[in-house]
1. Relative to the longest principal Cα axis of the chain, at what angle does helix 66-92 sit, 0 to 90 degrees, rounded to 10?
2. Let a ≥ b ≥ c be the square roots of the eigenvalues of the Cα gyration tensor of the chain; is it rounded (a/c under 1.5), or, if not, prolate (a/b larger than b/c) or oblate?
3. Between beta-carbons, use under 15 Å as the cut-off and find the net charge around Ala169, counting Lys and Arg +1, Asp and Glu -1.
4. For region 41-94 and region 189-225, write down the distance between their C-alpha centroids in whole Å.
5. Set Lys and Arg Cβ to +1 and Asp and Glu Cβ to -1, take the dipole of the chain about its Cα centre, and tell me which of Ala185, Ser69, Thr37 lies farthest positive.
6. Just from its helices, what would the mean residue ellipticity at 222 nm be for the chain, if runs of 4 or more DSSP H residues each count -39500 (n - 2.57) and the sum is divided by every residue, rounded to the nearest 500 deg cm²/dmol?
7. For region 72-130, just the Cα set please: Rg and Dmax, both in angstrom.
8. According to the square roots a ≥ b ≥ c of the eigenvalues of the Cα gyration tensor, what is the shape class of region 10-64, taking rounded for a/c under 1.5, prolate for a/b larger than b/c otherwise, and oblate for the remainder?
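Just so it is clear, none of the values below were taken in a lab; they were calculated from the coordinates. Remember, it's a predicted structure, so these values are computed and weren't measured experimentally. A quick note on method: Cβ atoms are made from the backbone with ideal geometry, for glycine too, and the neighbour counts reach across all protein chains shown.
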Amino acid sequence: MSSNPPRRNYRYYDLVMAAFVTVLLCANLIGVSKVTTVGGFSFSAGNLFFPLSYLFGDILTEVYGYARSRRVVWAGFAGLAFAALMSAVVVHLPPAPGWTGQAVIEAAFGSTWRIALASLLGYWCGEFVNSFTLARMKVLTRGRWLWSRTIGSTVVGEVADTLVFYPLAFYGVWDNHLLLSVMVANYCIKVGWEVLATPVTYRVVNALKRAEQEDYFDDKTDFNPFTLKV
């Protein structure tokens, strides 16, 4: 166990960060606006994969600590912001004469400013709440009961994400009953994914701790989300 160790290089930190940002971008660009119904539940199709970002967030905080996870959250935020900007520019560029794919591009990447902003704010709030909760729970439990931290932090983080994203993005656009049902269903799916993924989380966390020789405890961490200091 370590507390505030000197800065050092890690073998897999960059790879986990790349996986986190990749899942985040794909989940927010592919399927976020599509609502599907399976088994009587309506939910956003992108949320089948979005919970993986919380899984990576839990792994980052558990192994490398809140400060290093905070840098990854900001990297993801920057990636989402650029993706939103690029999508807006590409969609609004005038199509060439004779090119017939504009409607397809608009349907796939034509998110409104509301959805883009809501996605950024929901992600930012949810990820920081998730990371902070896990880091504090790890200190309080002295590293025991990993399952309680991964599930507990997701329960709290997804509340923040869901309450920010869906009302900002779709209130007044969707019927209120549909909005509420999608919020509840998506929240349950995300938390359910975390519960089901717990055995995988244990294996990945334990393997990374052994490989990195790291098990970070945030005893003296500055939890200010607006700094990139490690």
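1. In the chain, helix 66-92 runs at an angle near 10 degrees to the longest axis.
2. prolate
3. 0
4. Cα centres, region 41-94 to region 189-225: 17 Å.
5. Ser69
6. Mean residue ellipticity at 222 nm (helix-derived): -23500 deg cm²/dmol.
7. 14.1, 49
8. In terms of gyration-tensor shape, prolate.
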